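Below is one structure, written out as structure tokens, with a few remarks after it.
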Amino acid sequence: MATQIEIIRANKEDVSLIVPLFDAYRQFYKQATDLEGATRFLTARMEEQSSVIFLAFSIDEKGSRQPCGFTQLYPSFSSTTMERLWILNDLFVSPEARRLGIGKALLERAREFGAETQSKELTLQTAIDNYAAQSVYEANGWQREVEFYSYNLYLNRI
């Protein structure tokens, strides 16, 4: 029997389920573990309604639900087209749940949400050497940017 997937729009009561996944995501990007900081950060996002988080559960043959992935989107706008867009800032699937279609399901839910909110587009960035993620994005219709360069101005680094 194939693993079933359930995706919910998370709320403040779901933060404790997201924190271990969020912490693992941050560690993937070479950040130190910080469960308390993750809890504060995610709680603030929920209280401020400054992001939207979709939480994925894998459901086994006994009906047991296990949180196994999430995506976090931040709202933005295009001044040139005067339309809403969403920044898909985070996407993570726990290692034991990879290759089960969870990443694809999270991307599809984000796409549906973008359509529901009448948005122009979804946008994301990933590490240049994150080939696994790049292949998932491209297999699901995402197109690599070729028109613009991305620049950053780091304000808290000397």
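Observations on the structure shown:
- Listed by first and then second residue, the pairs linking a residue in the range 23-44 that is basic (Lys, Arg) to a residue that is surrounded by 12 or more Cβ atoms within 10 Å (Cβ to Cβ) and part of a helix (DSSP H, G or I), with Cβ atoms under 8 Å apart and 6 or more places separating them unless they lie on different chains, are Arg26/Ala38.
- Top-ranked residue in the range 19-64 [being among the basic types (Lys, Arg) and modelled with pLDDT under 95; ranked as farthest from the chain's Cα centre (by Cα)]: Lys62
- Matching entry among Thr80, Thr71 (being buried (at least 17 other Cβ atoms within 10 Å of the Cβ), free of Cβ contacts under 8 Å to residues at least 40 places away in the same chain and either within 23 Å of Ser16 (Cβ to Cβ) or over 15 Å from the mean Cα position of the chain (by Cα) (or both)): Thr71
- One residue stands out among those in the range 87-99 that are aliphatic (A, V, I, L, M) and modelled with pLDDT of 95 or more: the one that is surrounded by the most Cβ atoms within 10 Å (Cβ to Cβ), which is Val93.
- Scanning the range 22-65 for residues that are under 23 Å from Ile5 (Cβ atoms) and touching a helix residue (DSSP H, G or I) at 6+ places or on another chain (Cβ under 7 Å) yields Phe22, Asp23, Leu42, Met46, Ser51, Val52, Ile53, Phe54, Leu55, Ala56, Ser58.
- Looking only at the range 83-99, and only at residues there that are within 13 Å of the chain's Cα centre (by Cα) and part of a strand (DSSP E or B), the one that is nearest to Glu121 (Cα to Cα): Trp86
- Candidate set from the range 9-25 (those that are among the charged types (D, E, K, R) and part of a helix (DSSP H, G or I)); member that is surrounded by the fewest Cβ atoms within 10 Å (Cβ to Cβ): Glu13
- Residue list for the range 100-124, restricted to those being assigned to a loop (DSSP other than H, G, I, E, B) and surrounded by fewer than 12 Cβ atoms within 10 Å (Cβ to Cβ): Gln118
- One residue from Ser76, Ser50, Ser58 being of a type in the set (Ser, Thr, Tyr) and in a loop (DSSP other than H, G, I, E, B): Ser50
Every residue, every condition in (1) surrounded by fewer than 12 Cβ atoms within 10 Å (Cβ to Cβ); (2) in contact with a Phe, Trp or Tyr (Cβ under 7 Å, 6 or more places away or on another chain); (3) among the hydrophobic types (A, V, I, L, M, F, W, C); (4) on the phi < 0 side of the Ramachandran plot, yes or no:
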| site | (1), (2), (3), (4) |
| --- | --- |
| Gln27 | no, no, no, yes |
| Thr43 | no, no, no, yes |
| Ser51 | no, yes, no, yes |
| Phe54 | no, yes, yes, yes |
| Lys62 | yes, no, no, yes |
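The values are calculated or read from the model by the stated rules, or taken from the named source; none is laboratory data. Small disclaimer: the values here were computed from a predicted structure and weren't measured. Methodologically, a virtual Cβ is constructed for each residue, glycine included, from the backbone with ideal geometry; neighbour enumeration extends over all protein chains shown.
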